[in-house]
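Worksheet for the structure shown next.
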Amino acid sequence: MKLASLKHGRDGRLVVVSRDLTRCADASHIAPTLQAALDNWKRHAPRLEMLAEEVELGSVPAERFHEKDCASPLPRAFQWADGSAYVNHVQLVRKARGVELPATFWTDPLMYQGGSDGFLGPRDPIPLGNEDWGCDLEGEVAVITGDVRIGAGHDEAQRAVRLVMLANDVSLRNLIPEELGKGFGFFHSKPASAFSPVAVTPDELDGMWDGVRLNGTLTVRVNGQPFGKANTRVDMTFDFPTLIAHAARTRALSAGTIVGSGTVSNRGEDGGPGKSIAEGGVGYSCIAELRMIETITRGSPSTGFLRRGDRVEIEMLDDKGRSVFGRIDQVVGG
C-alpha cells in the first residue's frame, strides 16, 4: 500500500493513496497519523491494507490526491539516521581531497544523526539564508522502521522495514569542513530534509524491492535538466538491514525511525568515476560528487552549488513509466 500525510497540524492527516497516485482516502478512523499507525502496526496495517484495496476498487469515498498538499510522510520523526551506503561517493570525496580511504569504510558503515523535529514537505521551498553556504541536494532512498531492539541482527532488522520512500537530504557544503574540523559532527550544515509525497510498503514495490535494497532509477533534475539517473541497487555497499542493525548496535530504535541510504552513487562503466548524462553516464545524485570528479580530472571544480530560484526534482518511475513515490519538487528559497 501507499501512504501519505496531508498537511494538517504538526503531524499531518494520514491517507491511503491509490497505486497510480491519483486518489486517496482518509484513514484517520484507523489511525490519525502515520506515527500512530507505526506505533501499533500489527493492529493497524491490516485495516490500512483493506482500505487500500477498497480505494483501488472504488468502493469507498475518495478524493483527488494532490502531491502539493502533502507534508513529509512523517512530518516529524523520533529519529533520522542517515548512512553512507554508497562507498563510491565517499571514496570520490576522499580522493578529491588527496586523502586515502580507510579500509574499514568498506566494512563499517558511516552514519550521522540528523535533525528530525521537522521535515520539509516534498513541494516546500528549501530555505537558504546565504548562498555562500553552498546549498546542495542529495538524492537518497530511505526506509521507515518499526521498533528495533538493541543489538538486533541483519534478519531482525530486515523484518523491521515498514515503508520505503525517497529523500532530498539538503546539505550546506561550505559549512561542513569547519563543523567536522571541530570533531563533533554535523549541525548547521545539515538543515531540514525533504521526503517523497508517498511512503510505500515493500510488498507494493513488486520486483523493485529484493528484501534489502531498492532496485530502480533515481531520476534527478536540476532546473529542468537531467542531472542524474543512478541505479539504487548497483554499488550499494551496505543494504538497509545492515544500516538498521548498525544504528541499533548500542540503542533501541523506536517505531518511526527513518534510516537513509546516503547519496546514491554509481561508478562509471570502467569502474572509475561516473560520467555526466551528457557524456553518456548516469550522472549524479548531488552536486558535490560532480565537483569532486571535476577536481580529480581537471584540478578544480567548475559547477556551482544551488542558488535561490533553482529547482530540484527527485523521482523514481517503474518499468511502465509510472511514478512510484511521487515527486520531490523544490525551489531554493530565501
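Every number in this text was worked out from the coordinates using simple rules, so none of it is lab data. These numbers were taken from a predicted model, which means no experiment stands behind them. Please note: Cβ atoms are built from the backbone with ideal geometry, for glycine as well, and neighbour counts cover all protein chains shown.
Just a few scattered comments:
- With Cα atoms, 0 to 90° folded angle of helix 41-57 axis to the chain main axis: 80 degrees
- Checked against a 18 Å cut-off, the cross-linked pairs Lys7/Lys68; Lys190/Lys229; Lys229/Lys320 give Cα-Cα distances beyond that limit for Lys190/Lys229.
- Site pair Glu156 and Glu269 shows an inter-label distance of 4.5 nm when each label is modelled 7 Å from Cα along Cα→Cβ.
- Relative contact order, whole percent, for the stretch 157-265 stands at 23, derived from Cα pairs under 8 Å and 6 or more residues apart.
- For the stretch 61-74, Karplus couplings with θ = phi - 60° (6.51, -1.76, 1.60), whole Hz, Gly/Pro x: x, 9, 10, 5, 8, 10, 4, 5, 8, 8, 8, 4, x, 10
- For the stretch 267-299 versus the stretch 137-168, the gap between their alpha-carbon centres in whole angstrom: 28 Å
- Of the GluC sites (Glu not before Pro) found in the stretch 54-110, those that fall in a DSSP loop while having at most 14 other beta-carbon atoms within 10 Å are Glu100.
- The chain: most fluctuating residue of Thr242, Thr107, Thr145 per GNM, C-alpha cutoff 10 Å: Thr107
- Spin-label model distance (nm) - Asp147 vs Ile296, 7 Å beyond Cα toward Cβ: 4.5 nm
- Entry note, the stretch 1-52: relative contact order of 32 percent, from Cα contacts under 8 Å with a spacing of 6+ residues.
- Derived scalar couplings between HN and Hα for the stretch 169-180 equal 8, 4, 10, 9, 4, 6, 8, 5, x, 5, 5, 5 Hz in order, rounded to whole Hz, by the Karplus curve 6.51 cos²θ - 1.76 cosθ + 1.60 (θ = phi - 60°), x for Gly and Pro.
- Note on Phe105 and Glu179: the extension gain reaches 24.6 nm, defined as 0.36 nm multiplied by sequence separation minus the Cα-Cα distance.
- Extension gain, Lys68 back to Asp132 (0.36 nm per residue minus Cα-Cα distance, nm): 20.1 nm
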